[in-house]
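These notes are about the structure you will find just below.
The values are calculated or read from the model by the stated rules, or taken from the named source; none is laboratory data. Just so it is clear, the structure is predicted and the values come from calculations on it, not from any experiment. Ideal geometry is used to build each Cβ from the backbone, glycine not excepted, and the neighbour counts take in all protein chains shown.
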Amino acid sequence: MIVSKFGGSSVASSEQFHKVKSIINQNPERKIVVTSASGKRYKGDNKITDLLYLIHAHLQYSVSFKDLFNSICNRFLKIQEELNLKTNILVDLEELELELTKRCPIDYLVSRGEYLTGILLSDFLGYKFVDAKDILLFNYDGTIDFEKTEMLVKEAVEQYGQIVVPGFYGAYPDGTIHVMKRGGSDITGSILARVINASVYENWTDVSGILMADPAIISHPKQIEKITYSELRELSYMGANVLHEDAIYPVKDLNIPILILNTNEPTFKGTMICETIPHDDSKNIITGIAGKKDFTVITLYRHNASNEVGLLRKALEVFEKYRINVEHVPSGIDNFSIVVSSKMIERVLYDVVSELKQVTESENIKVTNNLSLLAIVGRNMAKHIGVSGQLFKTLGEHEINIRMIAQGSDEINIIVGVENEDFEKAIRVLYDTFA
């Protein structure tokens, strides 16, 4: 059995609905379909979920939301009309309109994009619509109740055979709607794939798999044919956003492969994501390159800092107090550095530095801004001698100064810090060297 999730661009219009149906009809094993809310049809268009968030803001400030709601209605009514569907979506839209008051829960409101899209898609496919709130259950702490969810999903599949489930939300034990992070439909598909032990989890989007580098920086980068969950986590963390990173966990333990596929180019091979790749025929040393700009490095200097028990803990507790996530902690004998997002620390930088001086009694604290982090990631790097040397040599030959170095113990990634102004150049020269 296959779980097939379709992103917002895949269900943005009646034309896209036809593409989805053609894909589903090609394989009878595609019995569970997960849908996002209708997305952008063209550049400058609005996503339905964005409009729903705007309506909620209008409600809180007692501003008219009529134009926004009419825009949503027109989108769904047009799809219904063009596909000649039996479902009268107007009834559902009118029910939603009655709920639009200041007391309307935001989770309920923003989940309606997936809900309404799912109703139309199930009609068009001839599948049974199953509301996510009836089968995807959360505990009150926000974790998934996998035991109850598994039972309810299997019952639905056994009863109806083929189902469409809206993504992005589920329900607490009392039936209250609970939404996930943006992009949560990826997670819905992953959860459903886990509880039925699917043979594969297909994630249909508007890109033909995962690329080795950002196409905004590298012209026509190579596609990654196979990638491990661990490699994808590293690339996602460093900014390569194709699949929601939390969608990996539900399927990881069962080693259910995830396929990233393009709704607009369904014959394209795409990218397969697995826990392990037993017959790895990839000749590439690296799998991909990714990075992010705008980090701040706070370096604390103190004689024999590496020998003082508890010194690092005292420093990290300051960042915890201000709820600032620490990215990396490079260290030396008489100093250690703490790398954080500039955006997270900019408003409290002076407070943090002041407290660090007090709790660590540091001789000197240096703050460095405008740092970029970039990572080269690859399961095959450990098999090749001299990868780090080649990386440093390449950056040096192109006069790119390395401000920080970090490498994971599993040897699947090397992270370097460079100046913001060298970020794109560094990615280009490393791609040319290793890709």
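Annotations
- From the list Leu121, Leu109, the one residue that fits, being under 18 Å from Trp204 (Cβ atoms), touching a residue at least 24 places away in the same chain (Cβ under 8 Å) and surrounded by 19 or more Cβ atoms within 10 Å (Cβ to Cβ), is Leu121.
- Each residue in region 410-428 was checked for being more than 21 Å from Glu231 (Cα to Cα) and of a type in the set (Lys, Arg), and 1 pass.
- Filtered by the rule that a residue be among the hydrophobic types (A, V, I, L, M, F, W, C) and over 27 Å from Ser22 (Cβ atoms), region 189-226 gives Val195, Met212, Ala213, Ala216, Ile217, Ile218.
- Residue in region 286-294 that is surrounded by 15 or more Cβ atoms within 10 Å (Cβ to Cβ), modelled with pLDDT under 90 and hydrophobic (A, V, I, L, M, F, W, C) present: yes
- When residues of region 327-347 are limited to those that are surrounded by 15 or more Cβ atoms within 10 Å (Cβ to Cβ) and of a type in the set (Val, Ile, Thr), the one farthest from Ala315 (Cα to Cα): Ile345
- Close pairs (9 angstrom Cβ cut-off, 6 or more residues apart or separate chains): in the same structural domain as Leu121 (by TED's automatic domain parsing) in region 60-84, exposed (fewer than 11 other Cβ atoms within 10 Å of the Cβ) and at pLDDT below 95 anywhere: Gln60/Lys102; Ser62/Lys102
- Residue list for region 1-50, restricted to those being aliphatic (A, V, I, L, M) and either touching a strand residue (DSSP E or B) at 6+ places or on another chain (Cβ under 9 Å) or part of a strand (DSSP E or B) (or both): Met1, Ile2, Val3, Val11, Val20, Ile23, Ile24, Ile32, Val33, Val34, Ala37
- Cross-chain or 6+ apart pairs with Cβ under 7 Å, region 240-262 first and under 15 Å from Val207 (Cβ atoms) and not assigned by TED's automatic domain parsing to the domain that holds Gly7, then modelled with pLDDT under 90 and surrounded by fewer than 17 Cβ atoms within 10 Å (Cβ to Cβ): none
- Pick from region 72-86, criterion of a type outside the set (A, V, I, L, M, F, W, C) and surrounded by 16 or more Cβ atoms within 10 Å (Cβ to Cβ), ranking: farthest from Asn46 (Cα to Cα): Gln80
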